[in-house]
Amino acid sequence: RGGKVMTDETGTVLLGDKPMRAKRLLIAILRWVGRILLVGLCLFLSLIIYLLVRESLTRSNYQTEYPPPGKMVSLETHDIHLYCVGAGSPTVVFDSDLDQYGSLSWNSVQGEIGKSTRACSYDRAGILWSEPGPLPRDGEMIASELGAVLDAAGENGPYVMVGHAFGGAYVRIFAGQNPDDVCGMVLVESSHPEMLARFEEYGVVSEIPDKNTRPLILLLSHLGMPGRYKGNLYNLSPEVYDPVQAFLPESSMTWFDEKVEGRKTLAQAGQYEYLGDFPLIVIATSRPPSIDRGQILDDLWLELQQELLLLSENSEIRIYEGGHYPQLQSPELVIEAIQDVLGRCEETLPLP
């Protein structure tokens, strides 16, 4: 007010150096923001590197602290942990669910069976002590690897195959691939080829991971996720619980890879509708695992288990009230079933 107003030749009012000061201020703000973002990025990358190094050292320490109870069997691309006890024939071979327990899930069963015959459990590729194997981790691949492991280790049939949950699908495929080597089978809460589709009819949908997220899952695994030392759901002894938790990040990566191929694996198992007349015992809980939606789903689960009896002309089902892991919760049920199958096998097999 009362000051001199400056205009250009067109009459536009000039504000002196105010636009220039505003521009300089904006540039300064952007530079500070850029510096802050750069520092944040450096801190984030430093954290990632720290977690990667820490997890690598942790895994190395755990490998030393918890050596494999069995032996490492070398295949062309990776090593598989195989644990065998006892002597005799037939040889009992255990396969675990799609979980982190691997060979250790049979800890309360295998030793007892090994008192009377040869008994072998193993860790599928990537679980516990076994090294990751080539993709895809579907049933045909896994069953073929089991055959290669047994051959490389010098283990001989005939075999009694024992499979829990998804392990039931794997041993079913193995028996289909090696019909002359299997003389009996025990299916423990086994997966059924049509179970996902049948449960989906009642609104129970099983989520299959997106394989495109594998790089992210792999990174998280090498960062130590999921974390170790969760709750001891089944009151496992330290010799089982501690190594299971120690190798949890590695085992979880394999869980992802096998889960991705879950529908494919079940379809592959479904190709083997009849396996012969060898003795087969199906162990089933009176409640469907991890499902609490009433009697309809309970009945459906038992119906699926009953249908597994069609795999053999010489089969029976044993229903019990309990959880999804009878080998951990009620091992005597599994031991008795295996011993009964062994007895029936010995009636038809020549002495070794």
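The values are calculated or read from the model by the stated rules, or taken from the named source; none is laboratory data. The structure presented is a predicted model; accordingly, all values stated were derived computationally and were not measured. Note that each Cβ is placed from the backbone with ideal geometry, even for glycine, and that neighbours are counted across all protein chains shown. Quick note on the areas: whole protein, heavy atoms, side chains included, nothing else; ligands and nucleic acids left out. Shrake-Rupley method; radii C 1.70, N 1.55, O 1.52, S 1.80 Å.
Close amide H partners of VAL73, meaning residues 5 or more places away or on another chain with modelled amide H under 5 Å apart, are ILE80, HIS81, LEU82. As an equivalent ellipsoid, region 52-188 spans semi-axes of 25, 17, 13 angstrom, where each value is the square root of five times an eigenvalue of the C-alpha gyration tensor, largest first.
A simple rule links phi to the HN-Hα coupling: the Karplus curve 6.51 cos²θ - 1.76 cosθ + 1.60 with θ = phi - 60°, which for region 152-160 gives 5, 7, x, 7, 10, x, x, 10, 9 Hz, with x for Gly and Pro. List every residue whose amide H lies under 5 Å from the amide H of ILE317, counting only residues 5 or more places away in sequence or on a different chain, with H placed 1.01 Å from N in the peptide plane. Placed amide hydrogens put VAL282 under 5 Å from ILE317. Residues in region 216-273 average 46 Å² of solvent-accessible surface per residue, probe 1.4 Å, ligands and nucleic acids excluded.
Contact order for the chain, expressed relative to its length and based on alpha carbon pairs under 8 Å spaced 6+ residues apart, stands at 18 percent. The alpha carbons of region 46-87 stretch over 52, 25, 9 Å along the principal axes, in descending order.
FRET efficiency for the GLU347 to TYR202 pair, using the beta carbon distance and R₀ = 35 Å, is estimated at 0.25. With labels modelled as points extended 7 Å from the Cα through the Cβ direction, what inter-label distance (nm, one decimal) is found for GLU332 paired with SER60? Roughly 4.8 nm, to one decimal. For the chain, the pair-distance distribution built from all alpha carbon pairs, in bins 10 Å wide starting at 0, is 5, 22, 29, 18, 7, 4, 4, 4, 3, 2, 1, 0, 0 percent.
Calculated from the alpha-carbon coordinates, region 75-118 shows an Rg and a Dmax of 11.9, 34 Å respectively.
Once Rh for region 20-96 is found with the Kirkwood sum over Cα pairs, what is the Stokes-Einstein diffusion coefficient at 37 °C and 0.692 mPa s, in µm²/s? Translational diffusion coefficient: 178 µm²/s. Spread over its residues, the convex hull of the C-alpha atoms of region 95-174 is 92 Å³ per residue. So, counting K/R as plus one and D/E as minus one, what does the shell of residues with Cβ under 14 Å around VAL92 add up to? Net charge in that neighbourhood comes out at -4. Residue-normalised convex hull volume from the C-alpha trace of region 297-345: 79 Å³ per residue. For region 63-215, the Cβ-based charge dipole about the Cα centre amounts to some 320 debye (Lys, Arg positive; Asp, Glu negative; other atoms uncharged). Among LEU41, MET72, CYS183, pick out the residue whose Cα is farthest towards the positive end of the charge dipole of the chain, where Lys and Arg carry +1 and Asp and Glu carry -1 on C-beta, about the Cα centre. The residue sitting most towards the positive pole is LEU41. Accessible area per residue for region 38-154, computed on protein heavy atoms with a 1.4 Å probe, is 44 Å².
Over the C-alpha atoms of region 206-352, the Rg to Rh ratio, Rh being the Kirkwood estimate, stands at 1.02. The DSSP beta bridges internal to the chain are antiparallel in roughly 25% of cases. Quick one: in region 207-253, what % of C-alpha pairs are over 16 Å apart? Pairs farther apart than 16 Å: 46 percent.
Positive-end ranking of LEU310, MET225, ILE281 along the dipole of the chain, with charges on Cβ about the Cα centre, is headed by MET225.
Comparing LEU280, LEU82, LEU333 in a Gaussian network model of the chain (Cα springs below 10 Å), the most mobile by mean-square fluctuation is LEU333.
With all protein chains present, how much of the accessible area of region 24-165 (probe radius 1.4 Å) comes from carbon and sulfur, to the nearest whole percent? C and S atoms contribute 62 percent here. Each Lys and Arg adds +1 at its Cβ and each Asp and Glu adds -1 at its Cβ; summed about the Cα centre, region 60-149 shows a dipole of about 360 debye.
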